[in-house]
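Trainee: Can you keep this structure in mind? I'll have questions shortly.
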Amino acid sequence: MSKIFSFNSMPCKTLLQTRASVTVQETENVTDFRTKVSRNPTMERLRCNYLFPEISAREAQHLKKYPNANVISLGIGDTTEPLPDTVASSMANYAYKLATPAGYRGYGAEQGSKELRKQISETFYRDMGVKDTEVFVSDGAQCDISRLQLLFGANMSIAVQDPTFPAYVDSGVIIGQTGDVEKESGSYQKIEYMTCGPQNSFFPDLSKTARTDIIFFCNPNNPTGHAATRQQLERLVQFAQENGSIIVYDAAYAVYITEGRPRSIYEIPGARKVAIEVSSFSKIVGFTGVRLGWTVVPEELLYSNGFPVIKDFNRIVCTCFNGASRIAQAGGLASLSPEGFKAVLSLADYYKENAEILLETFSLLGLRAYGGINAPYLWVHFPGSNSWDVFNEILEKTHIITVPGSGFGPAGKEFVRVTAFGHREKILEASKRLRSLLS
């Protein structure tokens with residue numbers, strides 16, 4: 001299929017763009033005055049821009065070239081369907097109460113409301129031994145990744161899946177855990193890249209993986225959409241135990257798992273001694289703009305000197321965070337009620353139906369697409385092609401946004417990620433355009 005394309009490579013741009021597609025103009029030098037403050041050298045190590053603002057920047061360039069184009073985004077994994085009524089009404093009611101003397105509340109607990117922490121524990125970790133006091137409510141999983149990196153510090157060695165969610169790598173670079181980027185591969189020195197591809201069932205060969213302090217593991221994986229089996233996760237936990245490592249387990253898409261595979265790392269015996277779990281309401285309720293998530297730090301998780309990790313994380317949270325919005329927490333609590341959670345599962349089913357449509361589309365075109373069953377992402381293989389070239393060609397000829405796989409690591413060079421988040425009519429139209437281009 002790669003012979004269909006005649007690509008011209010486009011180098012990385014330095015344009016800045018927010019995720020909401022609001023243009024950020026570069027500041028021109030209007031004065032010769034400079035401070036005497038040196039730039040943080042770790043910031044200089046970062047290659048280009050963060051992946052998703054770069055995608056938004058290229059979308060803005062495309063719209064400037066084709067102002068009347070009906071662009072369909074199958075790129076950034078942003079939810080599209082309305083919030084469940086019970087969730088929205090709970091947030092609205094809480095907001096109205098804040099306008100009354102009896103209902104007004106100011107600061108809340110940095111760790112989150114007791115009610116929500118308890119409900120998270122009972123809904124997602126029943127019979128896993130997770131206490132509500134081990135749950136820290138936050139403004140989202142990505143923010144918690146950065147707080148965990150601040151907790152770990154610059155002297156920690158890290159391992160990531162390849163391909164991987166870029167926040168793990170970029171936060172590691174910023175905090176000072178890495179060396180310089182290697183121009184040929186695009187990988188960073190001092191990071192252990194665990195290759196996860198079709199050749200190894202998207203699970204790393206741990207016998208060839210060097211020991212690191214921290215192992216970032218996203219499951220279901222973003223971007224490949226693969227959900228690890230119980231046997232695979234058992235090997236991961238055993239590997240961490242043998243090496244004395246800490247797993248940071250990102251379970252932001254766990255609700256999409258439907259094949260009986262584990263949804264939490266704490267379903268695996270021994271995980272409480274070696275793993276932190278991060279999750280989010282963003283992709284399960286539609287809180288990408290509302291912002292709400294959580295992190296679980298078990299009491300049994302100890303540093304080499306025996307000090308509990310949970311105490312240090314609590315200190316980080318209390319220092320760097322004033323607690324999640326009370327209004328957002330009211331919505332989160334409503335989403336975990338019987339009525340709310342039924343609606344949550346219905347939303348997940350809707351996006352998985354979108355994924356089925358896209359899987360069928362790529363299959364008919366003779367392209368191998370992975371994922372899309374236990375996750376809202378498809379990982380589409382274009383053998384012999386460069387992912388940025390594929391991205392550019394699809395955008396130019398179909399006005400469809402995807403995400404180039406190389407933005408997730410060296411192993412993504414021949415892949416693009418396609419999201420199933422979208423209105424049904426947009427997914428069907430995208431399917432039609434892709435068939436027209438690639439057939």
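The values are calculated or read from the model by the stated rules, or taken from the named source; none is laboratory data. Bear in mind the structure is a predicted one, so any value in this text is a computation, not a measurement. No Cβ is skipped: glycine too gets one built from the backbone with ideal geometry, and neighbour counts run over all protein chains shown. In case anyone asks, the SASA skips ligands and DNA or RNA and just uses the protein heavy atoms, side chains included. Shrake-Rupley method; radii C 1.70, N 1.55, O 1.52, S 1.80 Å.
Trainee: Please enumerate the residues belonging to the range 313-333 that are of a type outside the set (A, V, I, L, M, F, W, C), within 24 Å of the chain's Cα centre (by Cα) and open to solvent by 30 Å² or more (accessible area, probe 1.4 Å).
Mentor: Passing the criteria: Asn314, Asn322, Ser325, Arg326.
Trainee: Follow-up. Considering the range 260-278 alone, what residues qualify as being under 22 Å from Leu345 (Cα atoms) and open to solvent by 10 Å² or more (accessible area, probe 1.4 Å)?
Mentor: Gly260, Arg261, Arg263, Tyr266, Glu267
Trainee: Does the range 276-294 contain at least one residue that is under 20 Å from Cys143 (Cβ atoms), in a loop (DSSP other than H, G, I, E, B), in contact with a Pro (Cβ under 9 Å, 6 or more places away or on another chain) and modelled with pLDDT of 95 or more?
Mentor: Checking the range 276-294: at least one residue is under 20 Å from Cys143 (Cβ atoms), in a loop (DSSP other than H, G, I, E, B), in contact with a Pro (Cβ under 9 Å, 6 or more places away or on another chain) and modelled with pLDDT of 95 or more.
Trainee: Does any residue of the range 91-103 turn out to be among the hydroxyl-bearing types (Ser, Thr, Tyr), assigned to a loop (DSSP other than H, G, I, E, B) and open to solvent by 40 Å² or more (accessible area, probe 1.4 Å)?
Mentor: Scanning the range 91-103, I find at least one residue that is among the hydroxyl-bearing types (Ser, Thr, Tyr), assigned to a loop (DSSP other than H, G, I, E, B) and open to solvent by 40 Å² or more (accessible area, probe 1.4 Å), so the answer is yes.
Trainee: Condition (residue is open to solvent by less than 50 Å² (accessible area, probe 1.4 Å), in a loop (DSSP other than H, G, I, E, B), over 30 Å from Phe415 (Cα atoms) and in contact (Cβ under 8 Å) with a residue 60 or more places away in the chain) applied to the range 132-147: is it met by at least one residue?
Mentor: Checked against the condition, which is being open to solvent by less than 50 Å² (accessible area, probe 1.4 Å), in a loop (DSSP other than H, G, I, E, B), over 30 Å from Phe415 (Cα atoms) and in contact (Cβ under 8 Å) with a residue 60 or more places away in the chain, the range 132-147 yields at least one hit.
Trainee: Starting from residues that are among the small types (Gly, Ala, Ser) and in a helix (DSSP H, G or I), keep the ones in the range 414-439 and report whichever is farthest from Thr164 (Cα to Cα).
Mentor: Selected residue: Ser436.
Trainee: Checking Phe52 against (1) at pLDDT 80 or above; (2) assigned to a helix (DSSP H, G or I); (3) in contact with a strand residue (DSSP E or B) (Cβ under 9 Å, 6 or more places away or on another chain), which single condition isn't satisfied?
Mentor: Phe52 satisfies all of (1) at pLDDT 80 or above; (2) assigned to a helix (DSSP H, G or I); (3) in contact with a strand residue (DSSP E or B) (Cβ under 9 Å, 6 or more places away or on another chain) except (1).
Trainee: While we're on this one: Report yes if Thr123 is β-branched (Val, Ile, Thr), in contact (Cβ under 8 Å) with a residue 40 or more places away in the chain and assigned to a loop (DSSP other than H, G, I, E, B), otherwise no.
Mentor: No; evaluated as a whole, the condition is false for this residue.
Trainee: Moving to a separate point now. Restricting the search to the range 295-312, which residues are touching a residue at least 12 places away in the same chain (Cβ under 8 Å), in a helix (DSSP H, G or I) and open to solvent by 20 Å² or more (accessible area, probe 1.4 Å)?
Mentor: Ile310, Asp312
Trainee: Do you know which residues across the range 294-323 are in contact with a Phe, Trp or Tyr (Cβ under 8 Å, 6 or more places away or on another chain) and either within 20 Å of Gly106 (Cα to Cα) or among the β-branched types (Val, Ile, Thr) (or both)?
Mentor: Thr295, Val296, Val297, Val309, Val317, Asn322, Gly323
Trainee: Only one of (1) modelled with pLDDT of 95 or more; (2) touching a helix residue (DSSP H, G or I) at 6+ places or on another chain (Cβ under 7 Å); (3) within 22 Å of His62 (Cα to Cα) fails for Val390. Which number is that?
Mentor: (2)
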